[in-house]
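Below: the structure, in structure tokens.
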Amino acid sequence: MKQWKRVVWPFVWGAWSVLIVLQIILSFFLYKPGLPVLEHIGWTTLAVSAVFGWLPILAFRKKGGVSKGKSYIQTTVLVDSGIYAVVRHPQYLSFILLSLALLLLAQHWLITWFGIVAMALVYIGILPDADQDGIKRFGDEYQRYMQKVPRINFLVGIIRLVRRSKRG
């Protein structure tokens, strides 16, 4: 790993984590009912975030060849079905959606600011290394998977999944 990555990426990871925690805490104190339509979208986004956050754990446990007693992220088999047929990094997407949901629910400028910065940092944090582990573990199979399934764009992922299912 290049020297600058050793310094920058822990900061990026830590900063977005702190910002999302701050969003959660501040939401309890700064929440005031706002525009109902934004609140409804916020609750829906929060539910979708939960789906993208929890399904990967179940998918890896069921199909990832994880040894008993090991962490769900210690897969030995490339999982490319279920939620992983829609996006490659559903848990990162979950953090982005959580942050978006909080800013839509709270509708406060400070929570919005923290949310925008946190979402940007999560995305920036995905870019350099998120797929490198998959490539190291699974090689060409993972690179083919990367061409089929988008990083976090679940709308494109759903469209591609539907097209693949119609073809075959």
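In table form, for the structure just shown:
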read-out: Candidate set from the stretch 123-151 (those that are under 17 Å from residue 73 (Cβ atoms) and aliphatic (A, V, I, L, M)); member that is modelled with the lowest pLDDT; value: 130
read-out: Residue count, the stretch 93-121 (criterion: crowded, with 21+ Cβ neighbours inside 10 Å and in contact (Cβ under 8 Å) with a residue 60 or more places away in the chain); value: 14
read-out: Residue pairs meeting the criteria (Cβ under 9 Å; at least 6 apart or on separate chains; first farther than 27 Å from residue 90 by Cβ, in the stretch 29-52; second part of a helix (DSSP H, G or I) and not aliphatic (A, V, I, L, M)); value: 33/39
read-out: Residue in the stretch 80-95 that is under 14 Å from residue 22 (Cα atoms) and part of a helix (DSSP H, G or I) present; value: yes
read-out: Residue satisfying all of: in the stretch 1-49; modelled with pLDDT of 95 or more, of a type in the set (Gly, Ala, Ser) and surrounded by 14 or more Cβ atoms within 10 Å (Cβ to Cβ); farthest from residue 98 (Cα to Cα) among these; value: 42
read-out: Residue, nearest to the chain's Cα centre (by Cα), within the stretch 142-152, restricted to residues that are exposed (fewer than 15 other Cβ atoms within 10 Å of the Cβ) and in contact (Cβ under 8 Å) with a residue 24 or more places away in the chain; value: 146
read-out: When residues of the stretch 124-141 are limited to those that are outside any loop (DSSP other than H, G, I, E, B) and without any contact (Cβ under 8 Å) to a residue 12 or more places away in the chain, the one surrounded by the most Cβ atoms within 10 Å (Cβ to Cβ); value: 135
read-out: Residue list for the stretch 18-34, restricted to those being more than 20 Å from the chain's Cα centre (by Cα) and within 13 Å of residue 112 (Cβ to Cβ); value: 26, 27, 30, 31, 34
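The values are calculated or read from the model by the stated rules, or taken from the named source; none is laboratory data. Keep in mind that what you see is a predicted model, and the values were worked out from it rather than measured. A quick note on method: Cβ atoms are made from the backbone with ideal geometry, for glycine too, and the neighbour counts reach across all protein chains shown.
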